[in-house]
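J.: The following block contains the structure, expressed as structure tokens.
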Amino acid sequence: MVTVNQQRVPRKRTYLMCSPEHFAVEYAINPWMDVTTPVDADLAVKQWDRLRETLVGLGHEVHLLAPEAGLPDMVFAANGAFVVDGTVYGARFKHEQRTAEAAAHRAFYESQGWRFIAPSETNEGEGDLAYLPEAHGGLVLAGHGFRTELAAHAEAQEALARPVVSLRLVDPRFYHLDVALASIDDANIAYYPGAFSVASQRVLAQLFPDAVLADDADALAFGLNLVSDGRNVVLNSEASRLAGKLRAAGYQPVPVELTELKKGGGSVKCCIAELRH
Ligand code: ARG
């Protein structure tokens with residue numbers, strides 16, 4: 001059991017982000033997107049900048065991917081790949097509107113000399129793949145049901161040589177794993193049970209008995225779409241109850257406002273890919 005006084009220790013991270021200069025809601029590929037809702041592009045860039053500054057202020061390193069015109073969802077950098085122990089498992093997007101983003105990510109990793117493994121199966125990177133380095137010796141959690149295909153989970157396991165646990169997402173509002181579940185440190189997670197099949201809920205309860213559980217309101221406020229360094233948990237400011245639960249478990253919530261990007265169906269985590277050496 002975690003006590004209120006427990007000192008959580010942050011670990012320095014390296015992230016990849018992409019500015020929302022070209023962000024817009026021009027098509028609707030998830031239930032949050034409505035092409036008739038106006039987006040304030042300048043505000044989107046300001047809010048995103050504050051998120052980037054927050055991460056840098058916490059001592060993390062942030063690499064930038066150049067945004068490309070015609071790819072309005074490119075700001076959601078988490079979807080471009082999944083990196084574990086220096087190996088990059090590339091993304092292959094489900095919707096053709098985002099297909100070209102994969103090549104931009106691949107070029108970034110190859111220019112930096114990372115070991116890159118091209119996928120044959122549909123998968124949306126960290127949107128559906130999470131890594132817990134200290135859970136059961138290093139565990140990948142993988143979502144399927146809306147975007148990433150089950151076959152990609154097996155492909156990721158072969159690419160990364162880590163056990164991959166498949167979890168079935170059942171609620172279209174939680175179309176990616178990372179809007180329903182997040183690692184809060186190297187061995188523990190926070191999640192919203194209602195996003196998962198009953199069987200997958202049991203799997204999560206078995207593997208993570210000490211997980212922090214979010215309620216409907218916090219999950220719908222994108223509270224779980226968070227990024228944690230093991231101590232500081234950067235999360236959407238609307239998820240206030242979840243912030244309280246995290247504080248009670250010894251973490252330091254760091255709220256940020258991302259109202260514009262929410263119109264694309266994403267928040268903090270969607271904007272951030274972690275580069276794990
Ligand atoms: N509009 C984007 C899509 O539907 C949002 C992606 C959010 N990214 C994420 N990692 N959940 O693909």
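The values are calculated or read from the model by the stated rules, or taken from the named source; none is laboratory data. Computed from a predicted structure; not experimentally measured. FYI the Cβ positions are ideal-geometry reconstructions off the backbone, even for glycines, and counts take in every protein chain you see.
J.: Among the residues of the range 146-156, is there at least one that is within 16 Å of the ligand (Cβ to nearest atom), among the β-branched types (Val, Ile, Thr) and over 28 Å from ALA248 (Cβ atoms)? Outline the logic, then answer.
T.: Taking the range 146-156 and keeping what is within 16 Å of the ligand (Cβ to nearest atom), we get 146-149, 152, 156.
Checking which are among the β-branched types (Val, Ile, Thr) leaves us with 148.
Narrowing further to those that are over 28 Å from ALA248 (Cβ atoms): 148.
Yes: the range 146-156 contains one or more residues that are within 16 Å of the ligand (Cβ to nearest atom), among the β-branched types (Val, Ile, Thr) and over 28 Å from ALA248 (Cβ atoms).
J.: Can I ask one more? Pick from SER183, SER200: which is closer than 25 Å to ALA81 by Cβ, in contact (Cβ under 8 Å) with a residue 12 or more places away in the chain, of a type in the set (S, T, N, Q) and touching a Lys or Arg at 6+ places or on another chain (Cβ under 8 Å)? Write out each step before concluding.
T.: Values: SER183 fails: touching a Lys or Arg at 6+ places or on another chain (Cβ under 8 Å).
When all the criteria are applied, what remains is SER200.
This table checks each residue for (1) on the phi < 0 side of the Ramachandran plot; (2) of a type in the set (A, V, I, L, M); (3) in contact with a Cys (Cβ under 9 Å, 6 or more places away or on another chain); (4) modelled with pLDDT of 95 or more.
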site: LEU43; (1), (2), (3), (4): yes, yes, no, yes
site: LEU65; (1), (2), (3), (4): yes, yes, yes, yes
site: GLY70; (1), (2), (3), (4): no, no, no, yes
site: ALA77; (1), (2), (3), (4): yes, yes, yes, yes
site: TYR89; (1), (2), (3), (4): yes, no, no, yes
site: LYS94; (1), (2), (3), (4): yes, no, no, yes
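J.: Inside the range 114-153, can you point out the residues that are touching a strand residue (DSSP E or B) at 6+ places or on another chain (Cβ under 7 Å), of a type in the set (Gly, Ala, Ser) and in a helix (DSSP H, G or I)?
T.: Within the range 114-153, GLY125, ALA152 qualify.
J.: Outside any strand (DSSP E or B), away from the ligand (no atom under 12 Å from the Cβ) and under 20 Å from GLU61 (Cβ atoms): is that true of ASP49 in this structure?
T.: Values: outside any strand (DSSP E or B): yes; away from the ligand (no atom under 12 Å from the Cβ): yes; under 20 Å from GLU61 (Cβ atoms): yes.
Taking the combined requirement at face value, the residue satisfies it.
J.: Right, here's the next one. Which of the residues spanning the range 125-146 are crowded, with 22+ Cβ neighbours inside 10 Å and touching a Phe, Trp or Tyr at 6+ places or on another chain (Cβ under 6 Å)?
T.: Scanning the range 125-146 gives GLY125, GLU126, LEU129.
J.: Within the range 189-203, is there a residue that is at pLDDT 95 or above, of a type in the set (D, E, K, R), out of contact with any Cys (no Cβ under 6 Å at 6 or more places or on another chain) and in a loop (DSSP other than H, G, I, E, B)? First the steps, then the outcome.
T.: Applying the first criterion (at pLDDT 95 or above) to the range 189-203 yields 189-203.
With the extra rule that they be of a type in the set (D, E, K, R), the set shrinks to 202.
Narrowing the set further to residues that are out of contact with any Cys (no Cβ under 6 Å at 6 or more places or on another chain) leaves 202.
If we keep only those that are in a loop (DSSP other than H, G, I, E, B) too, we end up with none.
No, there is no match, as no residue in the range 189-203 is at pLDDT 95 or above, of a type in the set (D, E, K, R), out of contact with any Cys (no Cβ under 6 Å at 6 or more places or on another chain) and in a loop (DSSP other than H, G, I, E, B).
J.: Pull up the range 170-185, narrow it to residues that are over 9 Å from the mean Cα position of the chain (by Cα) and among the charged types (D, E, K, R), then point me to the one that is farthest from the ligand (Cβ to nearest atom).
T.: Among those that are over 9 Å from the mean Cα position of the chain (by Cα) and among the charged types (D, E, K, R), it is ASP185.
J.: Right, here's the next one. Report yes if GLY250 is touching a Leu at 6+ places or on another chain (Cβ under 6 Å), farther than 30 Å from PHE116 by Cα and either assigned to a loop (DSSP other than H, G, I, E, B) or among the hydrophobic types (A, V, I, L, M, F, W, C) (or both), otherwise no.
T.: Working: touching a Leu at 6+ places or on another chain (Cβ under 6 Å): no; farther than 30 Å from PHE116 by Cα: yes; either assigned to a loop (DSSP other than H, G, I, E, B) or among the hydrophobic types (A, V, I, L, M, F, W, C) (or both): yes.
For GLY250, the condition - touching a Leu at 6+ places or on another chain (Cβ under 6 Å), farther than 30 Å from PHE116 by Cα and either assigned to a loop (DSSP other than H, G, I, E, B) or among the hydrophobic types (A, V, I, L, M, F, W, C) (or both) - is not met.
J.: Further question: May I ask you to say which residue of THR37, THR122 is surrounded by fewer than 13 Cβ atoms within 10 Å (Cβ to Cβ), within 15 Å of the ligand (Cβ to nearest atom) and of a type in the set (Ser, Thr, Tyr)?
T.: Among THR37, THR122, only THR37 is surrounded by fewer than 13 Cβ atoms within 10 Å (Cβ to Cβ), within 15 Å of the ligand (Cβ to nearest atom) and of a type in the set (Ser, Thr, Tyr).
For (1) within 13 Å of the ligand (Cβ to nearest atom); (2) closer than 20 Å to LEU51 by Cβ, each residue gets a yes or a no:
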position: VAL62; (1), (2): no, yes
position: ALA66; (1), (2): no, yes
position: VAL75; (1), (2): yes, yes
position: ALA78; (1), (2): yes, yes
position: ASP85; (1), (2): no, no
position: ALA91; (1), (2): yes, no
position: ARG106; (1), (2): no, no
position: GLY113; (1), (2): no, no
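J.: Could you list, ordered by first residue, the pairs with Cβ atoms under 9 Å in which the first is in the range 98-121 and closer than 17 Å to MET17 by Cα and the second is basic (Lys, Arg), at least 6 apart or interchain?
T.: Listed pairs, sorted by first residue: ALA102/ARG92; TYR109/ARG115.
J.: Check the range 262-275 and report whether any residue there is more than 27 Å from ASP40 (Cβ to Cβ) and buried (at least 22 other Cβ atoms within 10 Å of the Cβ). Please lay out each step first, then the result.
T.: Looking only at the range 262-275, we keep the residues that are more than 27 Å from ASP40 (Cβ to Cβ), and these are 274-275.
Narrowing the set further to residues that are buried (at least 22 other Cβ atoms within 10 Å of the Cβ) leaves none.
Checked the range 262-275: no residue is more than 27 Å from ASP40 (Cβ to Cβ) and buried (at least 22 other Cβ atoms within 10 Å of the Cβ).
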